[in-house]
Structures are given as C-alpha cells and as structure tokens.
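Step one of this worksheet: look at the structure below.
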Amino acid sequence: MFGWLPGEEVTLLLGAAGALGCFALGVLELLWPTGARRVARPRTAPGPTVSRLAAPARLSSARLVALVERARAETDPARRTAALRVTILTLDQWRASGVALDPAVVAALERARTELWADYQRVAFRRLAATTPWRATALRAGDAGR
C-alpha cells in the first residue's frame, strides 16, 4: 500500500486516523446533537402506592414462628438453605415495614440465622473435604454432629 512505510507503521497510522475521526465526530455530536431533544413532561401528583406488605397484621406471631420451624425442619440441605434464606428475608421485610415483631418471632429469626450460618459452614467444609487430595477425615468430623 504505502511503499515507504513498513506494515506496522501503516497499522498505527490507520488506527490514529480512525481515533482522530471518532474524536472529531464526538466533538460535533456535543456541539450539534443529532438525537431528538427530550421534552420535559408535566409532573403529576403521584397516585396511591400499594405496598407488597399492605396488610402486615394478617399473620400472627405463632404462624411466623411456625414458618421458621418448618424451614429448620427441612432435611434436604439445598431446600433447607433456601427455606431458611426465604424465611429470614420475609421476617426482615416485616421488620422493615414497621411491624413490631413479637419477642418469640425475634428469637426464631435469630435461631434461623444461626442455623443458616451453620449450614453454610457445613457446605464449605464438605466442599473443602471433597477437594483435598487426602480426603481429610478431620473436616468430615463436623458432619458427625449433625
């Protein structure tokens, strides 16, 4: 193409020319935008909002504690972990919505958090025991307590 320039310098020259062209087009876009101009819409008063927790008084504290206990009673580790996570998130949403939780529900929530943390530790120890080359029996001893 250019007999007086080596191949690498031609590539650099074309790249620099392309970058300069993109820069010039960007400056022109800033000066004279090609897109449609946005028109400010008149603001209206917001309508009534419906919360997902619109009626928090429907569930009694006994039912919330039963929800935690049902999640703790699950035997399959994956389902147990998922149930505990959903239960904890549900109770945290109730607490955030301004509902005063019964002390029994708060205690059940703390038990659920403790159980979930223990499940996470068991899963981590199982994965570690499965990946170690000597199949560590000491790491599997944590499962014996369960």
> Any idea how many residues of region 87-109 are without any contact (Cβ under 8 Å) to a residue 40 or more places away in the chain and not small (Gly, Ala, Ser)?
Replying inline: 9
> When residues of region 101-112 are filtered for being buried (at least 17 other Cβ atoms within 10 Å of the Cβ) and within 22 Å of residue 123 (Cβ to Cβ), how many remain?
Replying inline: 2
> Quick one: which of 87, 114, 44 is at pLDDT below 75 and polar (S, T, N, Q)?
Replying inline: 44
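For residues that are among the hydrophobic types (A, V, I, L, M, F, W, C) and within 19 Å of the chain's Cα centre (by Cα), tally how many sit in region 67-119.
Our first condition is that a residue be among the hydrophobic types (A, V, I, L, M, F, W, C); within region 67-119, this holds for 67-68, 71, 73, 78, 82-84, 86, 88-89, 91, 94, 96, 99-101, 104-109, 112, 116-118.
Checking which are within 19 Å of the chain's Cα centre (by Cα) leaves us with 78, 82-84, 86, 88-89, 91, 96, 116-117.
The number of residues fulfilling the criteria is 11.
I'd like to verify a number: residues in region 78-100 that are of a type in the set (Val, Ile, Thr) and surrounded by fewer than 17 Cβ atoms within 10 Å (Cβ to Cβ), how many? Outline the logic, then answer.
Initial filter on region 78-100 (of a type in the set (Val, Ile, Thr)): 81, 86-88, 90, 99.
Restricting the remaining residues to those that are surrounded by fewer than 17 Cβ atoms within 10 Å (Cβ to Cβ) gives 86, 99.
Counting residues in region 78-100 that are of a type in the set (Val, Ile, Thr) and surrounded by fewer than 17 Cβ atoms within 10 Å (Cβ to Cβ) gives 2.
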> Mind checking whether some residue in region 128-138 is modelled with pLDDT of 80 or more and of a type in the set (Phe, Trp, Tyr)?
Replying inline: no
>> Out of everything in region 51-66 that is of a type outside the set (Ser, Thr, Tyr) and under 24 Å from the mean Cα position of the chain (by Cα), what residue ends up being modelled with the highest pLDDT?
In response: 52
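The values are calculated or read from the model by the stated rules, or taken from the named source; none is laboratory data. Bear in mind the structure is a predicted one, so any value in this text is a computation, not a measurement. Counting neighbours? That spans all protein chains shown, and the Cβs are built from the backbone with ideal geometry, glycine included.
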